[in-house]
Structure formats: C-alpha cells, structure tokens
Amino acid sequence: MEISVELLKSLFELHDGVITAKELAEAGFTRTLLYICLLNGWLIKESHGRYLLADNQPDEFRMIQNRSEKLIFSHGTALYLHGLSDRVPHELDITVPQGDNVSRIKRDYDNTRFHYCKKEIWGLGITEVITPQGYTVKIYDYERCICDLIKDKKSVDTQIYSQAMREYFSAKCNPRKIVKYAREFNIEEKVRTYMEVL
C-alpha cells in the first residue's frame, strides 16, 4: 500500500481528527505502515492506540470526548460552548455516571475536572454542539447546565455563575423544561425563586 498525506488527511476527516489503530488497520494500514507514518512525523500518538495527524491542530474537546461515550461536557465548559459564558475554560468540566473509572483520562489530561452524578440523571439533557474548531461534541443543554450550577454553587466561579443565571433567565428560559429538570435535582424551589427574581 502506498502512503500519501492526502489519504491520511481524508481518513482523519472521516474520524473527526482522531483515529484508532483498529480503524487504521481496517483502512489497510499494517503495523509497519503505522510505524513509518510515526517515524516520518505524519502521525502523532495521542494516547494508547489513538493517533492524530501531525499538521492538524487537535481539538481538545473532541480528543477528550473520543476517549469514552460517557464523557459529557458540563458546568462552565458547557456554558462556554453554549455561549452563556465568555470565559474560555482553563479546566474542562466533564460529567460521568457514578462508578465510572476515569483515572486514565485524568492522568492524560490534567486540565480536566470530573463531576459524578447518579446514573438515572446522567443522560438528562444531553445535546450536541459544534466546537470552535468545527467538531461535534456532546454537552448538557441550557437547563441541565443551570441545574448543575445551582446544585454545585459553592464550587462555581461567582462571575460565571452570575453571568449564566442572568443570560438564561432573562433570555433563554424554558420554564417547563427547567422546572422538570429541577424536580429531578430536588432544587425546584430554588429554580422558581430565580424565575421570579430574574
């Protein structure tokens, strides 16, 4: 098989910028070809069995989320991706179901902060958004983000909290949905207070 940079680029486009050794093998790349690509500097090893195209600026959001289907961007990171916060996150907030082992991801990405929630509410409000680099990632919707903020108020930056509350309750509020979510989180009274005040 003849290797061309164009072939590599098209493969990586199909796989949103990150490709696994298994996917490369399915495309006809032997271990020897993979080694040659690494040696020539065409590919970079991102983590065990996962590769990036060397001349591409990797999308950190996509790279991290590719590590597990259960990683959902939440809290301040989701607010930023939704446009409810103008502060670029230094730490990426990620929510996973309780009991999930994320130690490898924590080790590989020290700029992550994990939040754990009950499995019953983990899937509540999952939606998709396009990152600044043009990739699709899973995040929580507006209402879930607001509920997470209210529930974890003590650990959230005051400026981010205030901006998100003002923006959501003054312009983006979906009363039925936010109250439904608030019941799941046992914070209905707090949410109704915000709805009245803001």
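For every other residue with a beta carbon closer than 11 angstrom to the beta carbon of residue 99, add +1 if it is Lys or Arg and -1 if Asp or Glu, then tell me the sum. Surrounding charge for residue 99 is +2. Residue by residue, the stretch 96-109 carries 3J(HN,Hα) couplings of 9, x, 4, x, 6, 8, 10, 4, 5, 5, 4, 5, 6, 10 Hz when phi is fed to the Karplus relation 6.51 cos²θ - 1.76 cosθ + 1.60 (θ = phi - 60°); x denotes Gly or Pro. Would you list which lysines come within 19 Å of residue 106, measuring only between C-alpha atoms, while excluding same-chain residues fewer than 8 positions from it? Reachable lysines: 45, 70, 138.
Put 177, 119 in order of accessible area, highest first, and with a 1.4 Å probe you get 119, 177.
With θ taken as phi - 60° and the Karplus curve 6.51 cos²θ - 1.76 cosθ + 1.60 applied, the whole-hertz 3J(HN,Hα) list for the stretch 159-174 is 5, 4, 4, 4, 4, 5, 5, 4, 4, 5, 6, 8, 10, 10, 5, 10 Hz, x standing for glycine and proline. Selection among 81, 127, 98 by position relative to the dipole of the stretch 79-131 gives 98 as farthest towards the positive end (Cβ unit charges, Cα centre). Counting heavy atoms of the protein chains alone, residue 104 has an accessible area of about 150 Å² for a 1.4 Å probe. Size check on the chain: the Cα extents along the three principal axes, sorted descending, read 66, 32, 26 Å.
Rounded to the nearest 10 degrees, the inclination of helix 5-14 to the longest alpha-carbon principal axis of the chain is 30 degrees. Measuring against 23 Å, Cα to Cα, the residue pairs 119/172; 119/180; 119/151 contain 119/172 as the ones spanning a longer distance. Distant-in-sequence amide contacts of residue 46, defined by a placed amide H-H separation under 5 Å and a gap of 5 or more residues or a different chain, comprise 51, 52.
How large is the translational diffusion coefficient of the stretch 127-198 in µm² per second when you combine the Kirkwood radius over alpha carbon pairs with Stokes-Einstein at 10 °C and 1.306 mPa s? Translational D for this selection: 123 µm²/s.
The values are calculated or read from the model by the stated rules, or taken from the named source; none is laboratory data. What you are looking at is a predicted structure, and each value in this text was computed from that prediction instead of being measured. Using ideal geometry, Cβ is built from the backbone for each residue, glycine included, and neighbour counts are taken over all protein chains shown. SASA here: full protein model, heavy atoms, side chains in, ligands and nucleic acids out. Shrake-Rupley method; radii C 1.70, N 1.55, O 1.52, S 1.80 Å.
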